[in-house]
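> Below is one structure. I have some questions about it.
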């Protein structure tokens, strides 16, 4: 992973000192609320429902065991003993005291971490595929380019006051696990006509109040022009993005207003003016950055080992975990292991300080001291020898981190909702608990196949409900919590936005509605067909008819098994 040089260390330390002074002046009454608001946001500090919330940057989702130990220490010393991993691969603390935040930032700086630009109208944390560097379907590791973009965009003076927040994602794999078409700028490593590798660029994607699938602005860009072309896009947005309306300020609104052809024309004209001004990305710099992401010293191992087969054959619980919570590694004899943060009764994405410390130790023992945070609010150990899987599983099981549910209905994405967030309209964590309680039979979950359920407590869509196979959005009606349901969303290669099922349902009706949706799927699916494939084949009307039909509701209230 990237290691700070003296310039990086000095920058982060000075930023902590600067913010310490800003907090002191605010507490002394020498900065008013609005002045301090802009300063705290650029240091990842929000004012939430019950306490400040601090969002810590985890660039492209990569953590060392030492950094996770530090996050555990901060959770224990400054918060209530846990942290929350987000869909943007960051970590949030929900209970720090304002006067303690500078000390927290100093603790983070000690392990080469910070909270710079995790909020505010700036370029946010660059995200990528959580399997980067180890995925079998990868064309090239995208992390060096993420780091180059991170260094270029951090404290960039021209883009310190954009019309609205700005998010960039990069992928180098055949299967898009970074949702690049749902970002302000999405970058995909592709092979050009002459065999060279460059970038396909999408622009104007996003969720929130106006969800939009990004549009391809350039089918192929040479690597050397990466920074200059991204800068040209940001310049056009910075010049012409709306600043008069908070809800119309994202780049997706500008792209749709101009049309992709006119937006492309303006970007290309700006790029022609400035691309030779010193931003060319030379191969030597790319190679220097790649050296930080060199693979660990793998052993030469057999892909198939008799001991592994014996464990699988004699322990069905372990076999289920191996099947659902591990995936193929590009190196023979290794597996990628998902650490499920979706145990029944636990808010999705939450991890206690004790669990953080234990997982950090497991990373040291089994995965070269490295961890990943995922878009689905789980963790991943990317370099586990297959012969170590059983021992690792036993350790995770003792920590309640081995629920074998990755990719199933209970592996849901869920924002903190009304329990913590001042922006939320409805609770999410309690609904997640209800769904887990209803669908608690693993065999039934496996029978349903891959289902991505995503839930947000407000239109800001931190839970990515727009692209859930089943999306749930909390809304407020006459002072009560209600929930809109969408179907058919996807953040993958064939990205799509979910279609609204019908009228919102009350909190007590959500789980019944989900069960009726799944019954339609089971009744109508073809052999081997996933939920998303069935939905795309039969369409919304069939689902809508059965969810809102009064007779069907009465029948479903009998609560029979989904497999019945």
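> Can you work out which of the residues in the range 351-369 that are surrounded by fewer than 20 Cβ atoms within 10 Å (Cβ to Cβ) and touching a residue at least 60 places away in the same chain (Cβ under 8 Å) is nearest to residue 70 (Cα to Cα)?
From the range 351-369, those surrounded by fewer than 20 Cβ atoms within 10 Å (Cβ to Cβ) are 352, 354, 357-358, 361, 364-366, 368-369; that's our starting set.
Filter once more, keeping what is touching a residue at least 60 places away in the same chain (Cβ under 8 Å): 352, 354, 357, 361, 364, 368-369.
Working: 352: 13, 354: 12, 357: 9, 361: 12, 364: 14, 368: 18, 369: 14 Å.
This residue is 357.
> Can you give me the number of residues within the range 262-286 that are modelled with pLDDT of 95 or more and either under 24 Å from residue 180 (Cα atoms) or touching a strand residue (DSSP E or B) at 6+ places or on another chain (Cβ under 8 Å) (or both)?
Qualifying residue count for the region: 12.
> Consider residue 176 carefully, then state whether it is part of a loop (DSSP other than H, G, I, E, B) and within 16 Å of the chain's Cα centre (by Cα).
On the way: part of a loop (DSSP other than H, G, I, E, B): yes; within 16 Å of the chain's Cα centre (by Cα): yes.
Criteria met by residue 176.
> Give the residues of the range 459-475 that are modelled with pLDDT of 95 or more and either in a helix (DSSP H, G or I) or farther than 16 Å from residue 375 by Cα (or both), sorted by residue number.
Across the range 459-475, the qualifying residues are 465, 466, 467, 470, 472, 473, 474, 475.
> Here is a check on your reading of the model: is residue 36 surrounded by 21 or more Cβ atoms within 10 Å (Cβ to Cβ), in a helix (DSSP H, G or I) and not assigned by TED's automatic domain parsing to the domain that holds residue 160? Step through it out loud before you land on a result.
Values: surrounded by 21 or more Cβ atoms within 10 Å (Cβ to Cβ): no; in a helix (DSSP H, G or I): yes; not assigned by TED's automatic domain parsing to the domain that holds residue 160: yes.
Taking the combined requirement at face value, the residue does not satisfy it.
> Suppose the filter is touching a residue at least 60 places away in the same chain (Cβ under 8 Å) and within 27 Å of the chain's Cα centre (by Cα); does residue 294 pass it? Show your work before the answer.
Working: touching a residue at least 60 places away in the same chain (Cβ under 8 Å): no; within 27 Å of the chain's Cα centre (by Cα): yes.
Taking the combined requirement at face value, the residue does not satisfy it.
> When residues of the range 89-119 are filtered for being under 18 Å from the mean Cα position of the chain (by Cα) and on the phi > 0 side of the Ramachandran plot, how many remain?
So the answer is 2.
Okay, residues lined up against (1) outside any loop (DSSP other than H, G, I, E, B); (2) out of contact with any helix residue (DSSP H, G or I) (no Cβ under 8 Å at 6 or more places or on another chain); (3) in the same structural domain as residue 53 (by TED's automatic domain parsing):
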position	(1), (2), (3)
384	yes, no, no
390	yes, no, no
407	no, no, no
432	yes, yes, no
451	no, no, no
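> Further question on the same structure: Based on this model, can you work out whether residue 204 counts as buried (at least 20 other Cβ atoms within 10 Å of the Cβ) and either touching a strand residue (DSSP E or B) at 6+ places or on another chain (Cβ under 8 Å) or without any contact (Cβ under 8 Å) to a residue 60 or more places away in the chain (or both)?
Numbers: buried (at least 20 other Cβ atoms within 10 Å of the Cβ): yes; either touching a strand residue (DSSP E or B) at 6+ places or on another chain (Cβ under 8 Å) or without any contact (Cβ under 8 Å) to a residue 60 or more places away in the chain (or both): yes.
For residue 204, the condition - buried (at least 20 other Cβ atoms within 10 Å of the Cβ) and either touching a strand residue (DSSP E or B) at 6+ places or on another chain (Cβ under 8 Å) or without any contact (Cβ under 8 Å) to a residue 60 or more places away in the chain (or both) - is met.
> Of all residues in the range 486-508, how many are assigned to a strand (DSSP E or B) and free of Cβ contacts under 8 Å to residues at least 60 places away in the same chain? Before you say what the answer is, go through the steps one by one.
Our first condition is that a residue be assigned to a strand (DSSP E or B); within the range 486-508, this holds for 486-487, 490, 496, 499-500, 505-506.
Narrowing further to those that are free of Cβ contacts under 8 Å to residues at least 60 places away in the same chain: 486-487, 490, 499-500, 505-506.
The number of residues fulfilling the criteria is 7.
> Quick one: residue 422 ticks every box in (1) modelled with pLDDT of 95 or more; (2) surrounded by fewer than 17 Cβ atoms within 10 Å (Cβ to Cβ) bar one, so which box is it?
(1)
> Considering only residues of the range 47-63 that are in contact (Cβ under 8 Å) with a residue 60 or more places away in the chain and assigned to a strand (DSSP E or B), which is surrounded by the fewest Cβ atoms within 10 Å (Cβ to Cβ)?
First, pick out the residues of the range 47-63 that are in contact (Cβ under 8 Å) with a residue 60 or more places away in the chain: 47-50, 53-63.
Right, trim to assigned to a strand (DSSP E or B) and you get 47, 53-56, 62-63.
Working: 47: 14, 53: 22, 54: 30, 55: 23, 56: 23, 62: 23, 63: 26.
That would be 47.
Here's the yes/no breakdown for (1) assigned to a helix (DSSP H, G or I); (2) touching a helix residue (DSSP H, G or I) at 6+ places or on another chain (Cβ under 7 Å); (3) buried (at least 22 other Cβ atoms within 10 Å of the Cβ):
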position	(1), (2), (3)
66	yes, no, no
71	yes, yes, yes
89	no, yes, yes
102	yes, yes, no
105	yes, yes, yes
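> Oh, and also: Kindly provide the set of residues from the range 394-405 that are in a helix (DSSP H, G or I) and surrounded by 22 or more Cβ atoms within 10 Å (Cβ to Cβ), ordered by number. Reasoning before the result, please.
To start, the set of residues in the range 394-405 that are in a helix (DSSP H, G or I) comprises 394-398.
Correct list: 396 only.
> On to the next question. Which residues, counting only those in the range 284-304, are outside any helix (DSSP H, G or I) and touching a helix residue (DSSP H, G or I) at 6+ places or on another chain (Cβ under 6 Å)?
The initial filter retains those residues of the range 284-304 that are outside any helix (DSSP H, G or I), namely 292-304.
The answer is 293, and nothing else.
> Restricted to the range 223-247, and to residues that are out of contact with any helix residue (DSSP H, G or I) (no Cβ under 9 Å at 6 or more places or on another chain) and in contact (Cβ under 8 Å) with a residue 24 or more places away in the chain, which residue is surrounded by the most Cβ atoms within 10 Å (Cβ to Cβ)? Talk me through it step by step, then tell me what you get.
Taking the range 223-247 and keeping what is out of contact with any helix residue (DSSP H, G or I) (no Cβ under 9 Å at 6 or more places or on another chain), we get 243-244, 246.
Filter once more, so that each one left must be in contact (Cβ under 8 Å) with a residue 24 or more places away in the chain: 243, 246.
On the way: 243: 14, 246: 11.
Result: 243.
> Among the listed residues 317, 336, which satisfies the condition of being in contact (Cβ under 8 Å) with a residue 24 or more places away in the chain, at negative phi and surrounded by 16 or more Cβ atoms within 10 Å (Cβ to Cβ)?
Going through 317, 336 in turn, just one is in contact (Cβ under 8 Å) with a residue 24 or more places away in the chain, at negative phi and surrounded by 16 or more Cβ atoms within 10 Å (Cβ to Cβ): 336.
> Okay, next question. What is the number of the single condition among (1) without any contact (Cβ under 8 Å) to a residue 40 or more places away in the chain; (2) more than 25 Å from residue 282 (Cα to Cα); (3) in contact with a helix residue (DSSP H, G or I) (Cβ under 7 Å, 6 or more places away or on another chain) that residue 188 does not meet?
(2)
> Can you pull out every residue in the range 345-374 that is at pLDDT below 95 and over 21 Å from the mean Cα position of the chain (by Cα)?
If the condition is that a residue be at pLDDT below 95 and over 21 Å from the mean Cα position of the chain (by Cα), then 345 is the only one that fits.
> So which residues in the range 148-175 are within 14 Å of residue 129 (Cα to Cα), surrounded by fewer than 21 Cβ atoms within 10 Å (Cβ to Cβ) and either free of Cβ contacts under 8 Å to residues at least 12 places away in the same chain or touching a strand residue (DSSP E or B) at 6+ places or on another chain (Cβ under 9 Å) (or both)? Please lay out each step first, then the result.
Taking the range 148-175 as the starting set, the residues that turn out to be within 14 Å of residue 129 (Cα to Cα) are 168-175.
The next check asks that each one be surrounded by fewer than 21 Cβ atoms within 10 Å (Cβ to Cβ); those that pass are 174-175.
Of everything in the range 148-175, just one residue is within 14 Å of residue 129 (Cα to Cα), surrounded by fewer than 21 Cβ atoms within 10 Å (Cβ to Cβ) and either free of Cβ contacts under 8 Å to residues at least 12 places away in the same chain or touching a strand residue (DSSP E or B) at 6+ places or on another chain (Cβ under 9 Å) (or both), namely 174.
> Residue by residue through the range 240-261, note down the ones that are modelled with pLDDT under 95 and within 13 Å of residue 206 (Cβ to Cβ). Lay out the reasoning, then the answer.
Pass one, the range 240-261, residues modelled with pLDDT under 95: 246-247.
247, the sole residue that qualifies.
> Can you tell me how many residues within the range 332-359 are outside any helix (DSSP H, G or I) and touching a strand residue (DSSP E or B) at 6+ places or on another chain (Cβ under 8 Å)? So that I can check it myself, show each step before the final result.
Going residue by residue through the range 332-359, those that are outside any helix (DSSP H, G or I) are 332-352.
Keeping just the survivors that are touching a strand residue (DSSP E or B) at 6+ places or on another chain (Cβ under 8 Å) gives 333-339, 341, 347-352.
Of the residues in that region, 14 qualify.
The values are calculated or read from the model by the stated rules, or taken from the named source; none is laboratory data. All of these numbers come straight from a predicted model, not from anything done at the bench. With ideal geometry, Cβ positions are generated from the backbone for all residues, glycine too; neighbour counts draw on all protein chains shown.
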